[in-house]
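Note sheet for the following structure.
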């Protein structure tokens, strides 16, 4: 069972090596690694090129944002299973992909997701927050809950059947894709109760009131487009529970 891992990057020279090394160190060997770069100018390209043919496909060209880059990778992927690892993130152990592949076989599901931890950008061992995907069930989309997207793996045929990321979303296309797959299309899933990804704090969806407003605005849109009722009060009700993640580290 081949697993395709896609990393998208733009001016990520300070972090992308951790992402690449975490993929290439996996004990599971049937991995197709694809890196899509948005024409970086800071040395990212040279770092990726240093790995040579250890990376199956590498493209560096202008794109229309992160979701456009992810779609490029998805259309290149040839694996039975596909996962997306951001250039700021990395897998916590070298057994992650092997465990994920085994679950697809054992549980006979179309997707798998798990937990992740947020870490300080300058201290990779300092956990700031725990993202517990066990809170998720399809009805929770209406309240803004979703599985941790960097831990989400799905069969490639699911993307081919139900579509890719909508590039007119600026910040919540991952939410829209997951609600479309797991709620609207009833894609089967299995939850792995353990953290498998470390994510650096500071991304566009984790910082600032402006981005929080935009995120929730797009979540409302995603719910509407997929036939799920939601409102601002329902979305805001999740934040006290999210604060608990600060204490579970």
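The values are calculated or read from the model by the stated rules, or taken from the named source; none is laboratory data. Bear in mind that the values here come from a model prediction, so they are computed numbers and not experimental data. FYI the Cβ positions are ideal-geometry reconstructions off the backbone, even for glycines, and counts take in every protein chain you see.
Only residues that are part of a helix (DSSP H, G or I) and either in contact with a strand residue (DSSP E or B) (Cβ under 8 Å, 6 or more places away or on another chain) or farther than 20 Å from residue 133 by Cα (or both) were counted across region 176-219, and they come to 9.
Under the condition of being closer than 18 Å to residue 81 by Cβ, surrounded by fewer than 19 Cβ atoms within 10 Å (Cβ to Cβ) and more than 15 Å from the chain's Cα centre (by Cα), the residues counted in region 159-190 number 7.
A Cβ distance below 6 Å, combined with a sequence gap of six or more or placement on separate chains, defines the contacts here; from region 215-236, residues that are on the phi > 0 side of the Ramachandran plot and without any contact (Cβ under 8 Å) to a residue 24 or more places away in the chain reach no residue that is part of a helix (DSSP H, G or I) and buried (at least 18 other Cβ atoms within 10 Å of the Cβ).
A Cβ distance below 6 Å, combined with a sequence gap of six or more or placement on separate chains, defines the contacts here; from region 70-84, residues that are modelled with pLDDT under 95 reach no residue that is assigned to a loop (DSSP other than H, G, I, E, B) and buried (at least 24 other Cβ atoms within 10 Å of the Cβ).
Against the list (1) assigned to a helix (DSSP H, G or I); (2) modelled with pLDDT under 95; (3) over 30 Å from residue 231 (Cα atoms), the condition residue 134 fails is (3).
For residue 63, the conditions (1) surrounded by fewer than 17 Cβ atoms within 10 Å (Cβ to Cβ); (2) without any contact (Cβ under 8 Å) to a residue 60 or more places away in the chain; (3) outside any helix (DSSP H, G or I) all hold with the exception of (1). In region 8-60, what count of residues is obtained for those that are assigned to a loop (DSSP other than H, G, I, E, B) and at pLDDT 95 or above? Matching residues across region 8-60 total 21. Residue count for region 139-157, restricted to those that are surrounded by 17 or more Cβ atoms within 10 Å (Cβ to Cβ) and in a helix (DSSP H, G or I): 7.
Here is a yes/no grid of residues against (1) in a helix (DSSP H, G or I); (2) surrounded by fewer than 17 Cβ atoms within 10 Å (Cβ to Cβ); (3) in contact (Cβ under 8 Å) with a residue 60 or more places away in the chain; (4) under 18 Å from the mean Cα position of the chain (by Cα):
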position: 93; (1), (2), (3), (4): no, yes, yes, yes
position: 102; (1), (2), (3), (4): yes, yes, no, no
position: 112; (1), (2), (3), (4): no, no, yes, yes
position: 115; (1), (2), (3), (4): no, no, yes, yes
position: 119; (1), (2), (3), (4): no, no, yes, yes
position: 124; (1), (2), (3), (4): no, yes, yes, no
position: 129; (1), (2), (3), (4): no, no, yes, yes
